[in-house]
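Engineer: Attaching a single structure in structure tokens format; questions to follow.
Values quoted throughout were computed directly from the atomic coordinates according to the rules given, and no laboratory measurement underlies them. Just so you know, these numbers come straight off a predicted model, no measurement behind them. Neighbour counts run over all protein chains shown; Cβ positions are idealised from the backbone, glycine included.
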Amino acid sequence: MWLSLALFSALLLAIRRVYEKRLTTVFGNFSLAFALQIFSILPTLALFFFLPLPQNIGALRWQFWAPLLIIWVVILPVQTYFLYRSLREGELSEVTPIAALLPVFNIVTSFFIIHELPTRGGATGVVATVLGTYLLLTDVPKKEKSAYNKPVFFMICTILCMAIGSTLDKVAIEASTPVFYSFVNITGSAIVFLIMALISGEQKELVRIRDFFWILFGLGIVLALAFVAFTSAFALGPTSYTLAIRSGGFLVATIWGVLFLHESLSPKKMMAVALFVTGTVLLAIG
């Protein structure tokens, strides 16, 4: 069951990234994040009618609230800043494959927090993924003076935040239920992003929400379904393996970038994607 949910989440995440890439040209980092969260609150709330809720919501312990506070106050602002800078400044086919690093980073955090370790096959997948990351990080266009690919570096920072946040997600989900955790997480995130948008001076961009209402409406449903599917898979399956399946959605976004956005396809990029696919499969079946 967790495998199907993780695959469904991966597909929806790829769709989300494709549209987020487009919207980063219109919105700032935090105004876009706020718009997406606002439109996903009601779809998540609607899932209350179909999925289980905690028996006593008022009695939820620190195990539920402490991880959320860390995610809201520390992880999300940093993660969102680097995510949208990466999507805005880089090619979809070069930054989305970095999602394959998510289970790699999570192996470390999972070991210290919930004591999960990979098998030998999983360890081989880690090596392949790290090599792929190195290739993309050093795949710098000749016209660029930088010694490394900045959008790729920004996405590495994003995935590191996501790995830490995912382990905290696991702790909080186990103290409640996937759909209730998703609703509280998304609602709190919307408040945080609104505050960050005001601090960053992005409040003027919020009026553009009406211009992209139907796109944001559809993305809100996608985000809600993807997050609930992900948290449900998380509750049922091993942390790193669930993340490996979910991060596999990068392949869809990569193909979209090459075919429809006419992005470059250098030898390093092709080799890196092959290594990411190999690493993700090894981590998933490990």
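Engineer: Subtract the Cα-Cα distance of residue 59 and residue 204 from 0.36 nm times their separation in residues, and report this length gain in nm to one decimal.
Structural biologist: Details: separation 145, 0.36 × 145 = 52.20 nm, distance 3.97 nm.
Here the segment from residue 59 to residue 204 would lengthen by 48.2 nm.
Engineer: How long are the semi-axes of the ellipsoid equivalent to region 162-262, from square roots of 5 times the Cα gyration tensor eigenvalues, in whole Å, largest first? Before the final figure, lay out the partial values.
Structural biologist: On the way: eigenvalues 138, 94, 32 Å².
Computed over region 162-262, the values are 26, 22, 13 Å.
Engineer: Let me know the charge dipole size of the chain about its Cα centre in debye, to the nearest 20, where only the beta-carbon of Lys, Arg (+1) and Asp, Glu (-1) is charged.
Structural biologist: Roughly 360 debye, rounded to the nearest 20.
Engineer: Please report how far the C-alpha centroid of region 12-84 lies from that of region 186-250, rounded to the nearest whole angstrom.
Structural biologist: Cα centroid to Cα centroid, the span is 4 Å.
Engineer: Distance cut-off 28 Å, Cα to Cα: go down the list 21/145; 21/150; 143/268; 204/269 and report the pairs above it. Write down the numbers at each step before the final one.
Structural biologist: Numbers: 21/145 24 Å; 21/150 16 Å; 143/268 17 Å; 204/269 38 Å.
Going by Cα-Cα distance, 204/269 fall outside the 28 Å limit.
Engineer: Based on DSSP H assignment, which helices of the chain show an axial Cα extent of at least 24 Å together with a mean Kyte-Doolittle hydropathy greater than or equal to -1.0?
Structural biologist: Passing helices, by number: 2-23, 29-46, 120-137, 150-174, 178-199, 213-236, 267-285.
Engineer: Please compute the modelled spin-label separation between residue 175 and residue 260, points set 7 Å along Cα→Cβ, answer in nm with one decimal.
Structural biologist: 4.0
Engineer: With a cap of 16 neighbouring Cβ atoms within 10 Å, and only residues DSSP puts in a loop, list the chymotrypsin sites (Phe, Trp or Tyr not before Pro) found in region 18-71.
Structural biologist: Within region 18-71, the qualifying chymotrypsin sites (Phe, Trp or Tyr not before Pro) (loop, at most 16 other Cβ atoms within 10 Å) are 50.
Engineer: Right, next: List, in order, the whole-Hz ³J(HN,Hα) value for each residue of region 51-61 obtained from phi through the Karplus relation with A = 6.51, B = -1.76, C = 1.60 and θ = phi - 60°; use x for Gly and Pro.
Structural biologist: Each residue's phi maps through the Karplus curve to give 10, x, 10, x, 5, 9, 4, x, 9, 4, 8 Hz.
Engineer: Using a simple spin-label model with points 7 Å from Cα along the Cα→Cβ vector, what separation in nm is obtained for residue 144 and residue 215?
Structural biologist: Taking the simple label geometry, residue 144 and residue 215 are separated by 2.4 nm.
Engineer: How far apart, in nanometres, would the label points at residue 285 and residue 74 be if each is projected 7 angstrom from Cα along the Cα-to-Cβ direction?
Structural biologist: 3.8
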